[in-house]
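The values are calculated or read from the model by the stated rules, or taken from the named source; none is laboratory data. Not measured: the values here are computed from a predicted model. Note that each Cβ is placed from the backbone with ideal geometry, even for glycine, and that neighbours are counted across all protein chains shown. Surface areas here come from the heavy atoms of the whole protein model, side chains and all, with no ligands, DNA or RNA. Shrake-Rupley method; radii C 1.70, N 1.55, O 1.52, S 1.80 Å.
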Amino acid sequence: MVAIFLLLSSAWTLMVCHMWLYFIIFFMLNSFIPVINTTVLEQCKSQTSGKCLQNLLNQIDNITAEVLPLNEVTNILDLVLNTSEKIVGSSSDLVSYGNHVLKASEKLISTLVKPTNTSDWINFTLDTVEVQVFMVGPNVTLDKIPQLDTTNASVDIDLIAIARNNPKTKSAAVAFMSYNTMENVLRPDFFNTSDDTVKTMMSTVISATLPKTDNKELTKPVNFTLKHIREFVSGCNLSCVYWNISEWIVDGCSVVKTNSSHTVCSCDHLSTFALIMQTSSPPEDDALMEILNLVAVIVGLVFLSLALLTFAFCRWNPGVNNVARINICLSLLLAHLLFLLTQQFLNYIHPNQVLCALISGVLHFFFLSSFVWMLIEGVLLFICVKNLSQISSIQREVLSSRFMIVIGYVIALVMVGVSAWLLPEGYGSEECWIKKDVKGALLSFLGPVCTILALNMILFINIIVSLNSTLTKLNAAVSQMKQTKIMVFKTLAQFVVLGFPWILGFFIKGNRVLHILFLILNSQQGTFIFLVHCVLNNQIRRQYVKRLSTIFLVLKLNMMLQYP
């Protein structure tokens, strides 16, 4: 009997030892063997081919582990989304990749869900996605599930009621993902409508799922609050849509309320969602407007460059201070050049909201600085007329070049800084400029511009009064007086040309004729400066002729040497 007992005890001990050995081996395999083949990971880090992404997605499909470490999930997920963002192809390719990426993302996120008695949070943020996972167990003490928030979206879901509908486990989990680049794959064009409209993605693509939850039936509709990532067009049609394998559809989703910055959608199921705006097709002559804008801005940039080179390198009368004019040209040149490049690459720039807002802030700075420099030039001219002496001597006594440069740019920088601090959401419109629909945003530009124009107007009235008073006392034929009169006329004309287009901008409001006039006048400011201050200056014209003659002579000599 004792022998039998010892034999059974030995067998039981041996069996237990084997079970522990198998458990340890299984644990080690799951802990130390990578989920994804390291070769595939390295290939996808170094290349962005569709084959690499497909191999990666296939390996994710074969994952059998119930729970994975957070760092492993984030590394794989970031790689998947970064690779898929760079995939280009036909619509069918994008749809296929999009479905696989969504499926892989949801599977990876589900491995973060683990049992809990009460409640637990998991959240992380990558460049490509923001994720929040909330889990509740049978002993949850919360009365209401807190709102799941990301930068551009949030969701309200009654997860406690869903957990109560799972009688076996009395638990549930929700995973909320906000994709920052998925709109490049699941494009708004996949929203098929009967009318011919332009579709624009107004929100990030989001996904909400119930991982590792047996009964996924919702007890009531779920509300999503979506932040507009593009400028809202008043009177347009907004649609809350969800992704249905091959297209965006609206079944089961509706718009609850909306304003200029956010829209609340209500859906009776969970899936992948987005907000799409439908606007009327652009008129056919919009292409002509784009060509006109491109040509006009390029012509203006050429003449701005010529004016800047003339001010910097030609010899000027000792009584003329060109510091203000040089900086006006420099500010306008950089502003128009940046605006032109932004419009040409808008499709690539605008999806990056931070970059778009930064560009609009820089444009704001350059345009404001050109007006500040115009005010400085008015002040210099006022001092000149008041003292009836050379601007250069007055400038040494009152305004040094370094002081003017500091004032010219610091004032504009302070204005933009205050605007960005008070209304950071006012930057980054559809054209990467100041948003018109954000209250007070456009005023941050038009307010300082109107103030400077008013101050310049007051200065010019005083200049004209002082000049007329002086002419009655002195000989009008004196060369200094004659030069001052010409300078006053040119600066006054420059003030009108630089300021008038922006005043005209107040009255456009859809008027196509005024829009074209504004476009031409605003883009040709450099042309006007070059004509008035350079071409119409006899001294500068003589220098042009002399320099051109020298260049033609050198070219002629080279031709003679090459072809004797």
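Can you find, within segment 235-261, the residue that is most open to solvent (accessible area, probe 1.4 Å) among those that are assigned to a loop (DSSP other than H, G, I, E, B) and closer than 25 Å to ASN99 by Cβ?
Within segment 235-261, the match that is most open to solvent (accessible area, probe 1.4 Å) is ILE245.
Mind checking which residues of segment 219-234 are touching a strand residue (DSSP E or B) at 6+ places or on another chain (Cβ under 9 Å), open to solvent by 30 Å² or more (accessible area, probe 1.4 Å) and assigned to a loop (DSSP other than H, G, I, E, B)?
Within segment 219-234, PRO221, PHE232, VAL233 meet the criteria.
Quick test of your reading of the structure: ALA175 fulfils all but one of (1) modelled with pLDDT under 90; (2) surrounded by 24 or more Cβ atoms within 10 Å (Cβ to Cβ); (3) aliphatic (A, V, I, L, M). Name the failing condition by number.
Checking ALA175 against (1) modelled with pLDDT under 90; (2) surrounded by 24 or more Cβ atoms within 10 Å (Cβ to Cβ); (3) aliphatic (A, V, I, L, M), the one that fails is (1).
For segment 338-356, name all the residues that are farther than 19 Å from GLY300 by Cα and either buried (at least 20 other Cβ atoms within 10 Å of the Cβ) or modelled with pLDDT under 80 (or both).
The answer is ASN347, TYR348, HIS350, PRO351, ASN352, GLN353, CYS356.
Given the condition under 30 Å from PRO167 (Cβ atoms) and among the hydrophobic types (A, V, I, L, M, F, W, C), answer yes or no: does some residue in segment 116-129 qualify?
Yes, segment 116-129 contains a residue that is under 30 Å from PRO167 (Cβ atoms) and among the hydrophobic types (A, V, I, L, M, F, W, C).
Condition check: in a loop (DSSP other than H, G, I, E, B), under 28 Å from ILE229 (Cα atoms) and open to solvent by 20 Å² or more (accessible area, probe 1.4 Å). Does PRO146 satisfy that?
For PRO146, the condition - in a loop (DSSP other than H, G, I, E, B), under 28 Å from ILE229 (Cα atoms) and open to solvent by 20 Å² or more (accessible area, probe 1.4 Å) - is met.
Filter segment 193-216 for residues that are open to solvent by 20 Å² or more (accessible area, probe 1.4 Å) and modelled with pLDDT of 85 or more; which is nearest to the chain's Cα centre (by Cα)?
THR200
Kindly indicate whether SER178 is more than 22 Å from THR219 (Cα to Cα), polar (S, T, N, Q) and either assigned to a strand (DSSP E or B) or within 25 Å of the chain's Cα centre (by Cα) (or both).
So SER178 fits the description; yes.
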